[in-house]
Amino acid sequence: MTKFKEDENNNQEPEDSECEADILTLYVRAGCDNRKYGACPFCQRIFMLLMLKSAQGAAIKFRVATVPTSRVLPPALKANGLRNLPAIIHGDIAIDTVEEIMDHIEAKYPDYAQINDLTLNENVDKLTRNFFSKFCFYIKSVSKDPSALIAELNRLDDLLKGTTTRFLLGDSLSHLDCEVLPKLHHVRVSASMLKSFFIPSHLVGIWRYLNNAYNDEIFHKSCPPDQEIVLHWASRPDTPKLSYELYASLTRNTPRFSFDVPAVAIPINI
């Protein structure tokens, strides 16, 4: 896996010295201090995929650069006409659309060992879009009743309980997990703080899935702190706003990570 060191701006740089054109730069949203890694499930999705490719042995070198929330874009992004995050610059390739970034990485560094279950892929894609869209409606107060979100979480739980592997396509992370897990963790963290909604403990499939992620180095290293996740959603239009005191405590407290799960979700070895 690519090893990183932090530069003076807290951006992560590959330790190995490589030709600039060979290094893929991933631009992600900065956190509340406008410097460190922030909370964006789409940015984490790309970050996870890059680490996954590196762990699988792909000859990939990349770095992660944080972009402040102000409208002043870094010169490299402006020069390439990039306006959205996440974005990548890889040699003469510059992309700021998530799906196109995924396609570029998959095409450049294909994983021939990846399980290709099209039926499962389609089911997971639909479930992911459904539970996350219902979450967005709920967190933005468009829907005050969580029943639609709970219904979609139940459907996802049914699928996860039907698998015999740690993750969606096997015992190792896949590109689908890179999409689903950040979104599911955002639901877990932000809904509890902003809406007092907690993923029910009886959804054992979801909790076991999250537990496996929390014990995986790739998810663990790419995951933003709870505070950043809450601030990310609280700053969006139509979401519940934070009191000044709570906002101040979130920006000042030591970073916290919710990597605990209900006891029922923890595998028991007999």
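The values are calculated or read from the model by the stated rules, or taken from the named source; none is laboratory data. In this text, all values refer to a predicted model and were calculated from it rather than measured experimentally. FYI the Cβ positions are ideal-geometry reconstructions off the backbone, even for glycines, and counts take in every protein chain you see.
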*asked:* So the check is Cβ under 9 Å with 6+ separation or different chains; which pairs have a first residue in the stretch 174-194 that's among the basic types (Lys, Arg) and a second one that's not in a helix (DSSP H, G or I)?
replied: Arg188/Phe198; Arg188/Ile199; Arg188/Ser258
*What strands (runs of 3 or more DSSP E) lie completely within the stretch 5-99 and have 1 or more residues being modelled with pLDDT of 90 or more and over 27 Å from Thr254 (Cβ atoms)?*
23-29, 61-67, 87-90, 93-95
*Scan the stretch 32-85 for residues that are without any contact (Cβ under 8 Å) to a residue 12 or more places away in the chain and touching a strand residue (DSSP E or B) at 6+ places or on another chain (Cβ under 9 Å) and report the count.*
2
*asked:* Just to verify a result, which residue in the stretch 53-83, among those that are of a type outside the set (Phe, Trp, Tyr) and touching a Ser or Thr at 6+ places or on another chain (Cβ under 7 Å), is surrounded by the fewest Cβ atoms within 10 Å (Cβ to Cβ)?
replied: Lys61
